[in-house]
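The values are calculated or read from the model by the stated rules, or taken from the named source; none is laboratory data. Please read these numbers as outputs of a predicted model, since none were measured by experiment. Because the Cβ atoms are built from the backbone with ideal geometry, glycine has one as well, and the counts that use them run over all protein chains shown.
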Amino acid sequence: MSLEWSFLIAFGLVSFVMLLALSRPYHLRWDKKLDLWLASWRKWCQDLQEDIECAPLQQKLEELVKRRGDLAERLLKSEQLRNPNQKRKWYLEKVVYDLKRGR
């Protein structure tokens, strides 16, 4: 199965599940349900885009720490504590930069 078909199937399944989940509150009007669904869909798309952008950096970080995922997560969490309110890509770039410099 090609990547396009896989994406379309995943898109359809996610849309169907979101529609079912958001149709539960019967007291909401349909336009409010649609707004909720669109907001959750936008969030899902943004998260997917961020994952795609961060994948090469995540792989580079794992190579630098010799595939020790626990160490990579600890480094990211400590950087998040030092510099809050940044995007995940920024944290990954900072940790990779610091590891390359030998910090």
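Exactly one residue out of Lys100, Lys60, Lys77 is surrounded by 14 or more Cβ atoms within 10 Å (Cβ to Cβ), basic (Lys, Arg) and over 30 Å from Phe16 (Cα atoms), and it is Lys60. Among residues of segment 58-86 that are polar (S, T, N, Q), none has a Cβ under 7 angstrom from a residue that is modelled with pLDDT of 95 or more and loosely packed, with under 14 Cβ neighbours inside 10 Å at a sequence gap of 6+ or on a separate chain. Quick one: would you say Ala39 is at pLDDT below 90, over 30 Å from Gly102 (Cβ atoms) and in a helix (DSSP H, G or I)? Taking the combined requirement at face value, the residue does not satisfy it. Could you give me the residue pairs with C-beta distances under 6 Å whose first residue belongs to segment 36-52 and is over 15 Å from Lys87 (Cβ atoms), whose second residue is surrounded by 11 or more Cβ atoms within 10 Å (Cβ to Cβ) and of a type in the set (Val, Ile, Thr) wherever it lies, and which are 6+ apart or on separate chains? Filtered contacts from segment 36-52: no entries.
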